Amino acid sequence: MRIFAYAVAGWLVLVGAMGILRSRNLIQATVSLSVAQSGTYVLLLAVGYQWEGAAPVFSPGSTPTSDVVDPVVQAMALTDIVVSATVTALLLALTIQIEKTHHTVDPDKLQQLKG
Amino acid sequence: MYRGLASDLAPLAVALPIVMACAVLVVQRWASRRLADLLAMVAAVAALGLSAALVAATKDGRVVTWSGGWEPRDGRSVGIVLVVDQLSAGFACLAAGLTCCALLYSWRYLEAAHGHYHALMLLFLAGMIGFVLTGDLFNMFVFFELMGVSAFALTGLHIEEPDSVQGSLNFALINSLGAYLSLMGIGLLYARTGQLGFAQLGAKLAGHPADGLIVGAFVLVTIGFLVKAAMAPMHFWLADAHAVAPTPVCVLMSGVMVEMGVYALARVYLTVFATSIPAPVVQRAFLTMGLLTAAVGSLMCFAQRHLKRLLAYSTIAHVGLFLIGFALLSPDGLAGVALYVVGHAGVKGALFLLVGLLLDRFQSLDEGKLFGRVGGRHPACWMFLLAALALAGLPPSGPGLGKAITEEAASAAGYPWLSVVFVLVSAVTGAAVLRAGLRVFLGRGHRPGPIEPAHQIGAEPKEPETEHPLRRTPLTMLVAIGALLAGSIVVGVVPALAQAVGRGAVFFSDQAGYFNQALFAVPAAPAPASAAWWSWSGILLGAASTVLAMIIAGISLHVRPPERGHFRSRMIAGVELVRRLHSGHIGDYVAWLLFGAAVLAALIGLPLLP
């Protein structure tokens, strides 16, 4: 089952990269980048997951009685989500500006930066 | 336990620019432009002071700061750590110093400097300082993204210009994808070790022979850094971003941000993977990639006539040399690279600012259109030519010293032929800049013809970056350029600096010392005195590359190539092929990124197969 989660993570990253590679629309390229990043979420959560594990909530004075899932990777995934929101917003804003200045969002038609 | 003033400096150096960035954002709504300039400058100077104090504090070891006082017990820790040694503090100093010069250049005049420019510059600086001071792999990723996002936004600051937004988008997409691959690698490493700090990771991996997961994690983690370092074939974004970014931003990107990629590669390999992935394998892999990068960079640099792109490709060529220097995996090689980086930053920064002056006065960046328009009387002329010669390695400039020490380290590591590569690359890139300078300022040689539509390299910027085309050069701009050039020369003239870098490189490559000091607060063993200084062979090789640069520049200016001929058409076809690969298409760039990752994985993984 764990293997399955890792395979999904790897597949998402590759499919996301493939999406940017074959993209004919910069919005699609931006969303593909988010798909690739979803792979990192899946990987991080899979790394920290414990079967039958409880949420990592402790209170002072009580000793935990069961296994808990790893909170570190959850914090990393949260940070990752914040990063993703920033990058996606910036890329979409740039796409809007490209549409305004080039009147297209097709990377095949953006020919300004050759050589 | 309170460890004294020094351990407070590191978090302060990161936090201060962030706080000041917020202050600038608040203030610029109602106050004048002048106040934003002033606040940003104060913050950059303060960051420079803090980093300089850190350099002084790390003279005999490392400064370790556990944030929030979460100190390790018996070598086990849950806290997040900043570990500063002399090279990382020096890098922070370099970033802050370049930011000061960039802000001085944009003082009052630069139109781009309205609005969010100052805040973004300070966030960029905070990201870079945090990136080099951190002792934790995940925090390195976070600071990587902070510096990345501010750089993307700064590149696209002229949002009305079509080139500008496209260059910024290419930069943002490819660097973000690289960063996410890095994060995958960090996740894999955490899965294996349950740790994120460099010291803890290195301890957990020590003695484990490299298996598939460790090699995979190493390749993935470094891919993000190598995209930032513009290693071929992941370098395509760099020229696009540099061609369109505002001039002061180019100074920061070319001078220090790109080199941060090489820094991170060296840091991660030497503290985490050094005991599990054998040195000869890494050495061969990065020598190969470094040679490829240097070759592509030099070729494209010489073929350019868009001045900013020319300088950008020269940066790529030099990154190739830095990668080669890292691949030697010796303290001397690292010391050479560190000095080379500082010297290169000063020279390249000055060159970018000089090109920015041309753009503001003549509204063009094309070697042909600017031909002979400036005249030799202008002080910029001699600064430009001096910088070109320093880039070629003229003794006693900083780049020359770095080159000389790296060449010696290469000979000591058993690769004496690398000296030829260093001489050739610095001569060719120096010659390209020299040729451009002689044409633009002195009108030497024949005028290059108008650009053929097929070779159109980015539309010309139509507007100067200042509000009006400049009639005369403002003093602040000239001072910024002079400071950068002087800084670059000082590196090659003051022996104490090279000594300090030499000692710092010994600390930098001491994995056991890093582990002991970070987790057990064991004081570092004193580093031996360093012999990093000019040697006769270094001076001779520096002079050779300078003379070679002059000869190449002279030939390209005065000798008209034969109109027809088998050799010529072969050459043109070759250059044209490489040039066509730089398509400006984001899909192509992603394909090259994946290809580069596969090549690197093969170079490191295949020799380790049982």
**OP:** Have a look at B:ALA598, B:ALA527, B:ALA543, B:ALA591 and point out the one that is under 30 Å from B:PRO416 (Cβ atoms) and within 25 Å of the chain's Cα centre (by Cα).
**Re:** B:ALA543
Original post:
What pairs come up if the first residue lies in the stretch B:538-559 and is among the β-branched types (Val, Ile, Thr), the second is assigned to a helix (DSSP H, G or I), and their beta carbons are under 6 Å apart, counting only those six or more places apart or on different chains?
Top reply: B:THR546/B:LEU389; B:ILE552/B:ALA431
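I'm trying to understand the selection: among the residues of the stretch A:56-91, which are more than 18 Å from B:ALA179 (Cβ to Cβ), among the aliphatic types (A, V, I, L, M) and within 10 Å of another protein chain (Cβ to nearest Cβ)?
Residues of the stretch A:56-91 more than 18 Å from B:ALA179 (Cβ to Cβ): A:56-72, A:74.
Filter once more, keeping what is among the aliphatic types (A, V, I, L, M): A:57, A:68-69, A:72.
Hit for the stretch A:56-91 is A:VAL72, nothing else.
Residues that are in contact with a Lys or Arg (Cβ under 6 Å, 6 or more places away or on another chain) and either surrounded by fewer than 24 Cβ atoms within 10 Å (Cβ to Cβ) or not in a helix (DSSP H, G or I) (or both): does the stretch B:184-207 have at least one?
Restricting attention to the stretch B:184-207, the residues satisfying the condition of being in contact with a Lys or Arg (Cβ under 6 Å, 6 or more places away or on another chain) are B:193, B:195.
Imposing the further condition that a residue be either surrounded by fewer than 24 Cβ atoms within 10 Å (Cβ to Cβ) or not in a helix (DSSP H, G or I) (or both) reduces the set to B:193, B:195.
Yes, the stretch B:184-207 contains a residue that is in contact with a Lys or Arg (Cβ under 6 Å, 6 or more places away or on another chain) and either surrounded by fewer than 24 Cβ atoms within 10 Å (Cβ to Cβ) or not in a helix (DSSP H, G or I) (or both).
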Original post:
Do we find a residue being touching a residue at least 40 places away in the same chain (Cβ under 8 Å) and among the charged types (D, E, K, R) anywhere in the stretch B:563-575?
Top reply: no
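State yes or no: is B:TYR589 within 14 Å of chain A (Cβ to nearest Cβ) and either within 30 Å of B:GLY492 (Cβ to Cβ) or among the hydroxyl-bearing types (Ser, Thr, Tyr) (or both)? Break it down stepwise before answering.
Numbers: within 14 Å of chain A (Cβ to nearest Cβ): yes; either within 30 Å of B:GLY492 (Cβ to Cβ) or among the hydroxyl-bearing types (Ser, Thr, Tyr) (or both): yes.
So B:TYR589 passes the test.
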**OP:** List every residue pair whose Cβ atoms lie under 9 Å apart, where the two residues are 6 or more positions apart in sequence or sit on different chains, the first residue falls within the stretch B:45-66 and is buried (at least 22 other Cβ atoms within 10 Å of the Cβ), and the second residue, located anywhere, is among the aromatic types (Phe, Trp, Tyr) and in a helix (DSSP H, G or I).
**Re:** B:SER51/B:PHE91; B:THR58/B:PHE507; B:ARG62/B:PHE507; B:ARG62/B:TYR514
Subject >> Qualifying positions in the stretch A:1-37 - more than 8 Å from chain B (Cβ to nearest Cβ), closer than 17 Å to B:VAL221 by Cα and crowded, with 20+ Cβ neighbours inside 10 Å >> reply: none
Original post:
Inside the stretch B:1-118, counting only helices (runs of 4 or more DSSP H) that do not spill past its ends, which hold 1 or more residues that are in contact with a strand residue (DSSP E or B) (Cβ under 6 Å, 6 or more places away or on another chain) and polar (S, T, N, Q)?
Top reply: B:6-27
**OP:** With the checklist (1) closer than 30 Å to B:GLY202 by Cβ; (2) surrounded by fewer than 19 Cβ atoms within 10 Å (Cβ to Cβ) in hand, flag the one item B:SER530 doesn't pass.
**Re:** (2)
Subject >> the stretch B:150-173, subset of a type in the set (Val, Ile, Thr) and buried (at least 24 other Cβ atoms within 10 Å of the Cβ), residue farthest from the other protein chains (Cβ to nearest Cβ) >> reply: B:THR155
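How many residues, within the stretch B:244-273, are under 16 Å from the mean Cα position of the chain (by Cα), of a type in the set (A, V, I, L, M, F, W, C) and assigned to a helix (DSSP H, G or I)? Full working, then the answer.
Within the stretch B:244-273, the subset under 16 Å from the mean Cα position of the chain (by Cα) is B:245, B:247-267.
Narrowing further to those that are of a type in the set (A, V, I, L, M, F, W, C): B:245, B:249-253, B:256-258, B:260, B:262, B:264-266.
Cutting the leftovers down to assigned to a helix (DSSP H, G or I) gives us B:249-253, B:256-258, B:260, B:262, B:264-266.
Residues meeting the conditions: 13.
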**OP:** Look at B:GLY349 and say whether it is over 29 Å from B:PRO448 (Cα atoms), modelled with pLDDT of 95 or more, away from every other protein chain (no Cβ under 14 Å) and part of a helix (DSSP H, G or I).
**Re:** no
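The values are calculated or read from the model by the stated rules, or taken from the named source; none is laboratory data. These numbers were taken from a predicted model, which means no experiment stands behind them. Here Cβ is always computed from backbone atoms with ideal geometry, including for glycine, and neighbour counts include all displayed protein chains.
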